[in-house]
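Worksheet for the structure shown next.
The values are calculated or read from the model by the stated rules, or taken from the named source; none is laboratory data. None of the values given here were measured: they were computed from a predicted structure. In this analysis, Cβ positions are derived from the backbone assuming ideal geometry, glycine residues included, and neighbour counts consider all displayed protein chains. Calculation scope for accessible area: heavy atoms of the full protein, side chains included, ligands and nucleic acids excluded. Shrake-Rupley method; radii C 1.70, N 1.55, O 1.52, S 1.80 Å.
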Amino acid sequence: MTSRTAALRVGIDIGGTFTDLLLVEEDTGKTHLTKVPSTPGEPERAARDGVERLLADSGHPPSAINHVMHGTTVATNAVLTGRGALVGLLTTQGFEQVLHLARGETPGPLAGWVTMIKPEPLAAIENTRGIPERLAAEGDIVVPLDEQQARAAITELIGNGVESIAVSLLHAYANPVHERRLRELVTELAPHLDVSLSSDVLPEFREYERTNVVVMNAHVRPMMRAYVDRLGADLKEAGIDGSLSILRSDGGLMSVEAATEKPVHTLFSGPAGGVAGAARVARAAGFPSFLSLDMGGTSTDVALALEGEPAITRETQLGQFPLKAPTIDVRSVGAGGGSIAHVPEATGALRVGPQSAGADPGPAAYGRGGEEATVTDANLVLGYLPTQLLGGAMTLDVAHARAAVGRVAEAMGLTLEEAAEGIIDVVNESMVGALRLVSVEKGHDPREFALVAFGGAGPLHANALAELMGCFPVIVPRTPGVLCALGDACSPFRSEFAETYIRRFDQLSTGELHDRLRSLATRADAWLDQEGVTASDREIRLELDVRYNKQGLEIPVTVTLDGVDLDRVTAEFAAQHEREYGFQLDTVCESVNLRAIALGASALDDPPPRPGAERSVGDARIGTQPVYHGGGWHDAVLYDRDLLGPGHRLEGPAVVLQADTTTLVLPGFAADVDAYENLVVTPLVDAQRDGSRDSPIVIDIVENALKNIRREMDAVIFRAASSTVIREEHDSFPLLADDQGRMLAGQFGWPLGEFFERWPKEDLGPGDVLMMNDPY
């Protein structure tokens, strides 16, 4: 193909096994994609190799690329492995143990209180120094900064060999003057050290979370700077002079300079790209409210979007560390193609994951030495997978898969097919639990959402998951294996500017509130100027975090500069609170944080519809294959995805093959190819489906479902509680019981039976509270 001049955007998503790249022609919307093996020691090398392959395949010169967007896991891996920089922490004298005290929460069940070992903070106590100084909560200086002791403390840290310094002073969110002076002192004494200030990274109250986030930022900052410098140099060496942007955890882009200043905002960059890509696909397909399912080899990431906007959380978890930063609300579960199925001798119950065979040795079917049955092996035994993957580049060993699953079948007294189907059912129930956490727990009915499936294994399981959740249609994008790279390429610029402002509504000055919001909006505007976003392509959104007086956690409510109507804010907060937690309180509300969100418009329009296919759907049929479903074998038609086009319809059972994934359409369902070349799976109107089976696996599925419900109860109680003990210690033990008071899931169910012996159940109704620990 001859080269030509065009404006190109490239999205790069680096995974553990493969690096996905997508090239988009801005004027036509035409895309080119490729996957190359990742190079874990030098991730930038895979990115450069992939870009060069894209250019060779598309015929474009390197100079045509004017934007490179990149979702990265560099910061994530540094935190999870603890292999970032050696951090020195400067804090207020007397608060040196803030990271060690942390919060009182321990993981359940009850044994977690006994067995849990808290992770070592990313800033060791020997590299922590308390500085004499003190600010009041309103920002007034109570004790001036002792610069002499500050210099001595910084000198000691330099002598300890720290590679980065974090500064987190008490109440610095209200007045950053002391933190900024400490940065000046560090720069004077050691200009080579990076300095991260809590008042820059997270200017909000809650000392532990703020300190933890700024230490995370300092821990990954030198590594992120070195990485983007190497990547930028490699791209320039390849002749690419376009701008390089990094994807944030909230699905927005930021410049390389911003990413090296605040790399903590990239900790969920990888999953965010997939949700951003799913939003583009779902919006064009006409289903802007959707659940996303990104299933890979080790884990599955799920998220929710309402009217095209992915749900954002500002408090999440990375490993065992809390992370208070704007992040797409992605929940992960240890359920992937490599998840290992096993039957513990003590219980005889089937378990799937979270242990994974990984990529090496991988599932038994890979023929690389893996012996344990995995989800991939079960899919192969059931006929859901072809024996050739990655366009024929990889052959699966059916005999090894059958032998591995056979050992599970023998342990449970089942046939080979029953055991394989049981493995799929159990792992599907685990993913349903994650999907319910982002939908049901948040007050959303999943039946009102579509399900967008992507990743290597998502389209294989999506039909069954949608049937369990009742969320249709299932949308499988044209290129599900590189959807994260698409999300990188189409994401807009985004950042947030916040400050803590705790005021009861009955004591709040709306004039002062308006002035503070305007100041934040001005900062957001200035940031968009700095990022080169034109005035016509920008938007500033304002939010007020609201809670009931003295409650622990807050809910954001959108406001405007036209005048903040506190009655409207109260009503909207109450409605959201009832939707998420099921109740309202007759209590005054209070503001907690103010926030301005800076948004730039995406440079890519939604894709145009394609004309109808010129060939018949029969031309895409490439054979048949038996599949096992619902306790019996069916003849499934195999289709080549590359030969399917808009207007085609195929009825299940069917298996759709393409280089980057496999899509399974179950009996009783049909898949239509829409105008955007998505596969859109819906139930057949006259389908009669019976999911019940007489199998011991049913008990395991029910058990998982009960555990998921119990986890939802936990989450609602913790978030809605006003009690510090419940909110921070998670000292709460919800349970599910039958009508005799016998516990089905949970802990400490024994008092129920005795209670019901004394209190007739007939007198109880919805909303009644049983006070079983009342000493009177």
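Side notes on the structure shown:
- Scan of segment 280-306 for residues that are more than 30 Å from residue 365 (Cβ to Cβ), in a helix (DSSP H, G or I) and open to solvent by 10 Å² or more (accessible area, probe 1.4 Å), ordered by number: 280, 283, 284, 285
- Segment 14-41, subset touching a residue at least 60 places away in the same chain (Cβ under 8 Å) and in a loop (DSSP other than H, G, I, E, B), residue nearest to the chain's Cα centre (by Cα): 15
- Residue identified as over 30 Å from residue 138 (Cα atoms), hydrophobic (A, V, I, L, M, F, W, C) and buried (at least 17 other Cβ atoms within 10 Å of the Cβ) among 498, 489, 535, 521: 489
- The listed residue being buried (at least 16 other Cβ atoms within 10 Å of the Cβ), modelled with pLDDT under 90 and farther than 19 Å from residue 231 by Cβ, out of 87, 74, 79: 79
- Restricting 672, 606, 619, 642 to those that are assigned to a helix (DSSP H, G or I), over 30 Å from residue 516 (Cβ atoms) and under 32 Å from the mean Cα position of the chain (by Cα) reduces the list to 642.
- Test result for residue 161, surrounded by fewer than 15 Cβ atoms within 10 Å (Cβ to Cβ), under 36 Å from the mean Cα position of the chain (by Cα), at pLDDT 95 or above and not hydrophobic (A, V, I, L, M, F, W, C): yes
- Among the residues of this structure, residue 455 does not count as one that is surrounded by fewer than 21 Cβ atoms within 10 Å (Cβ to Cβ) and at pLDDT below 95.
- Selection from segment 218-265 of residues that are of a type outside the set (Ser, Thr, Tyr), in a strand (DSSP E or B) and out of contact with any Pro (no Cβ under 9 Å at 6 or more places or on another chain): 244, 247, 254
- Total residues in segment 609-660, condition open to solvent by 80 Å² or more (accessible area, probe 1.4 Å) and over 30 Å from residue 22 (Cα atoms): 4
- Only a single criterion out of (1) open to solvent by less than 10 Å² (accessible area, probe 1.4 Å); (2) in contact with an Asp or Glu (Cβ under 8 Å, 6 or more places away or on another chain); (3) touching a residue at least 60 places away in the same chain (Cβ under 8 Å) is not satisfied by residue 363, namely (3).
- Residue count for segment 106-126 satisfying the condition of being surrounded by 12 or more Cβ atoms within 10 Å (Cβ to Cβ) and at pLDDT 90 or above: 5.
- In segment 661-677, residue most open to solvent (accessible area, probe 1.4 Å) [restricted to those that are more than 22 Å from residue 379 (Cβ to Cβ) and touching a residue at least 60 places away in the same chain (Cβ under 8 Å)]: 676
- Test for residue 651: is it in contact with a strand residue (DSSP E or B) (Cβ under 7 Å, 6 or more places away or on another chain), of a type in the set (D, E, K, R) and over 30 Å from residue 488 (Cα atoms): yes
- Residue count for segment 43-56, restricted to those that are touching a residue at least 40 places away in the same chain (Cβ under 8 Å) and either open to solvent by less than 60 Å² (accessible area, probe 1.4 Å) or not basic (Lys, Arg) (or both): 7
- Of the residues making up segment 308-363, just one is over 26 Å from residue 289 (Cβ atoms), of a type in the set (Ser, Thr, Tyr), out of contact with any helix residue (DSSP H, G or I) (no Cβ under 7 Å at 6 or more places or on another chain) and in a strand (DSSP E or B), namely 356.
- Counting only residues that are closer than 26 Å to residue 206 by Cβ and either in contact with a Leu (Cβ under 8 Å, 6 or more places away or on another chain) or hydrophobic (A, V, I, L, M, F, W, C) (or both), segment 504-544 holds 17 of them.
- Any hit, segment 170-183, residues being surrounded by 13 or more Cβ atoms within 10 Å (Cβ to Cβ), basic (Lys, Arg) and not in a helix (DSSP H, G or I): no
- For residue 383: the one exception among (1) assigned to a helix (DSSP H, G or I); (2) over 30 Å from the mean Cα position of the chain (by Cα): (1)
- Candidates 570, 558: the one that is within 30 Å of residue 532 (Cβ to Cβ), modelled with pLDDT of 90 or more, of a type in the set (Ser, Thr, Tyr) and not in a loop (DSSP other than H, G, I, E, B) is 558.
- Scope segment 294-312; condition within 10 Å of the chain's Cα centre (by Cα) and either modelled with pLDDT under 90 or more than 18 Å from residue 443 (Cα to Cα) (or both); matching residues: 294, 300, 301
- Qualifying residue in segment 592-605 (condition: free of Cβ contacts under 8 Å to residues at least 60 places away in the same chain and crowded, with 21+ Cβ neighbours inside 10 Å): no
- Residue pairs meeting the criteria (Cβ under 6 Å; at least 6 apart or on separate chains; first free of Cβ contacts under 8 Å to residues at least 40 places away in the same chain, in segment 404-422; second not in a helix (DSSP H, G or I)): none
- Subset of segment 678-687 that is in a loop (DSSP other than H, G, I, E, B) and touching a residue at least 12 places away in the same chain (Cβ under 8 Å) - its residue that is least open to solvent (accessible area, probe 1.4 Å): 678
- Some residue of segment 1-8 being in contact with a Phe, Trp or Tyr (Cβ under 6 Å, 6 or more places away or on another chain) and surrounded by 15 or more Cβ atoms within 10 Å (Cβ to Cβ): no
- Residue match in segment 127-149 (condition: in a loop (DSSP other than H, G, I, E, B), in contact with a Gly (Cβ under 8 Å, 6 or more places away or on another chain) and surrounded by 18 or more Cβ atoms within 10 Å (Cβ to Cβ)): no
- Residue satisfying condition, being of a type outside the set (Lys, Arg) and at pLDDT below 95, within set 235, 170, 197: 235
- Yes/no for residue 411 being among the hydrophobic types (A, V, I, L, M, F, W, C), open to solvent by 40 Å² or more (accessible area, probe 1.4 Å) and either at pLDDT below 90 or in a helix (DSSP H, G or I) (or both): yes
- Matching residues in segment 232-257 - criterion: being of a type in the set (A, V, I, L, M, F, W, C) and out of contact with any strand residue (DSSP E or B) (no Cβ under 7 Å at 6 or more places or on another chain): 233, 238
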